[in-house]
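The values are calculated or read from the model by the stated rules, or taken from the named source; none is laboratory data. In this text, all values refer to a predicted model and were calculated from it rather than measured experimentally. All Cβ positions, glycine included, derive from the backbone under ideal geometry; neighbour counts span all protein chains shown. Quick note on the areas: whole protein, heavy atoms, side chains included, nothing else; ligands and nucleic acids left out. Shrake-Rupley method; radii C 1.70, N 1.55, O 1.52, S 1.80 Å.
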Amino acid sequence: MADIITEPQVEKQEKLKEISQPAYEFNEWTNTQKLAFRVAFIFFGLFAIPLDLGFYQYLWTIDYSHLTYREINESIAFFNPQFINIFSEGGFFGYESYVNWPFVLLIAITGAAIWTSLDKKSKEYNNLYYWVRVLVTYRVAYAAIAWGYKKLFIMQMPAGNEGLYNTEFIDFFAKRLYWEAIGVATKYEFFLGFAEFIGGFLLLFRKTRGIGAAITFVVFGNIAIANHAYDIGEHVPSAGLALLSLFLMWYDLPAIWNLIVNQVNTRVVHYYPVFKQKWQNYIRLAIKWSGNFVYVILFFALEVYGYTHNDFYKLPNTPGLPGSKGYYNVTEFKLNGKVVPYSPLDPKRWQDAAFEEWSSLSFKVYNRPQQIEMFAAGSYPRNDEVYDGKWYFDWRGDIRRFGNTSKKKKYDSEKRDLNITWELSGLGGRQYYHYKADTVNHVLHLINKNKANRDQAQELHYSRPTKDRIILWGTNEFKDSIYVVLDRAHLQYPLKKGRHANLSYTP
């Protein structure tokens, strides 16, 4: 028996048939659609293309004969449209740091108005829509891969060090708590890196571009929220990438709505320009695969090289005194020849000390106010590591880079290590010094790593009567004569060993 179809059922089937039609047809656009596209084209084009001359100056000054993963990362991960700077806490960490967004929107609206007055004949912008989506796609894809690699290789938030593990909890700023929570959970950091990487990687292929955009939107949106919650300072670039990802998703949203909400079969009709000449297609493929080679394959190879050669961009590379790594109690302290007993009020007496695996020495001093280093400097390219004492906003809209990038500079590992401030960023309570060890004359030349106190230097002789005792004497940062006896405390840290490990303390 044939099925009987009532009139309401016929109307329902016709409605579903209309819904299941292709999400986009390439016919004439409405005036509203054309105006909206003109604004979006300019707005997202400004977000995707670096306009600051400093960016291209940076590319020019890269020492390509000694290329590292740092330069590739810097060239794609951070640049943002930057026209206005607000020098305040809100301009660095709060909502005032988004001041350039409405400014870019104003430029886009003004440009769209001029475009509309000059263009009366165009019926659609399918070709331009395709190309701006391509531009935004690779901007987001390569940035996501760059950020993902940093976490996959546990470089963005490395595990803590001796000085940090012996810093009182009250001296941690919010951002440092977040960094250490992620740095301790290396598997979680790896997962975050994989989420960024896979989202960017899927964007590189037409069939998975919509899924990739959805992933990067969620990932970068989450990063932006976390940066606001913990005052980290990377919220603007991450929110910008989330916005660009939303723009890429916008093309597929009607079809996604039909599929998920209306529960009907849906197909998305994509527009692709036709290349009539073979050379045009060859150029397209050459540009595409050149970018993929640099930002996916070469970047990965350089990350592997840096990881296997202990070249972590947030950690100093110069090895410290052999066998000195550890936490030390101050057994004896003399100032200008007089023994100074322990006192929580003394601003010059060391309370403890910590030698790191690299050339850093930190010590705790009570009752000495200091300016907290809030920026995790450490991602500087190899040819831009000279400190001149003056901050300026660079092409990324950030304040982490310093010095002059107009001329190529010879790589100086000592200056690089001095300017790596990851160890002390977001921390109080300790003084961090970079040292250069003269192992022949047994002298340590120390410079304060805090940029606000970079003029503070010490010159200390050292001896090592036993493997667990270090004696320092010489001139401190205040030109006083000091004599310090340090005895290693063999500490075990639950954060490193795990909560179920059998821990012991040997003073």
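Solvent-accessible area per residue in the chain equals 51 Å², computed with a 1.4 angstrom probe and all protein chains kept. Subtracting the Cα-Cα distance of residue 194 and residue 85 from 0.36 nm times their residue separation leaves 35.9 nm of extension gain. Note on surface exposure: 238, 343 rank 343, 238 by accessible area, highest first, 1.4 Å probe. Annotation: extensible slack from residue 269 through residue 60 equals 71.1 nm (criterion: 0.36 nm per residue apart, minus Cα-Cα distance). For the chain, averaging the sequence separation of C-alpha pairs within contact (under 8 Å, six or more residues apart) and dividing by the residue count gives a relative contact order of 16 percent. Relative to the current alpha-carbon distance between residue 331 and residue 171, full extension at 0.36 nm per residue lengthens the span by 55.2 nm.
Under 11 Å from a label point set 7 Å out along the Cα-to-Cβ vector of residue 35, the amide N atoms of region 98-113 belong to 113.
Here the label points at residue 226 and residue 466, each 7 Å from Cα along the C-beta direction, are separated by 4.4 nm in the simple model.
Place a point 7 Å from Cα of residue 28 in the direction of its Cβ. Which residues in region 267-284 have their backbone N less than 17 Å from it? Output list for this probe position: empty. Computed from the C-beta positions of residue 440 and residue 310, the FRET efficiency with R₀ = 22 Å rounds to 0.35.
For the pair residue 105 and residue 67, a Förster radius of 51 Å applied to the C-beta separation gives a FRET efficiency near 0.90, rounded to the nearest 0.05. With a Förster radius of 41 Å applied to the beta-carbon distance between residue 207 and residue 370, the computed FRET efficiency rounds to 0.15. Here the accessible area is traced with a 1.4 Å probe on the protein chains. For region 35-185, carbon and sulfur cover 70 percent of it.
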